[in-house]
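The values are calculated or read from the model by the stated rules, or taken from the named source; none is laboratory data. Source: prediction; values computed, not measured. Cβ coordinates were reconstructed from backbone atoms using ideal geometry, including for glycine residues, and neighbour counts include every protein chain displayed.
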Ligand code: MG
């Protein structure tokens, strides 16, 4: 079986905004804060997307969805992620498993973890057991510790749909 691995990283600034939804893995998290971005700022979706594209050496999120393109303003990141899946599927790859680490002081990931996994499972047509999401604080250190932003690191493995000859 032909297996490839990719990593993705993303971060966005937290802003005080009760009106703008705080989206993580396609789940709306109740918060007085939101993530500043051209799109909806979903750091999990963005990190996963880069990991998936990276595993297949098929570009990156910025190349697929430039933030200079007005069409991408406020874009649903799950739709972007599904476009990345379609791209790798078109090249004969499918996602095998995902391991995601969210680094944030707030919000806590654990209460939403199951909902986030279900959201990604539905969006990516993957088994729930192939999707891991873990939350960590940054122990109060640096910009994450100061609640200035949230970061996410994603690791993905992909397999080729057809057997290698
Ligand atoms: Mg991003």
Of the residues in segment 16-47, those that are crowded, with 21+ Cβ neighbours inside 10 Å and either out of contact with any helix residue (DSSP H, G or I) (no Cβ under 6 Å at 6 or more places or on another chain) or not in a loop (DSSP other than H, G, I, E, B) (or both) number 12
Inset, instruction - Please verify whether segment 79-86 includes one or more residues that are more than 23 Å from residue 157 (Cβ to Cβ) and at pLDDT 90 or above. - result: yes
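With in contact with a strand residue (DSSP E or B) (Cβ under 7 Å, 6 or more places away or on another chain) and within 16 Å of the ligand (Cβ to nearest atom) as the only criterion, which of 133, 144, 88, 78 stands out?
Just a single option satisfies the conditions, and that option is 144.
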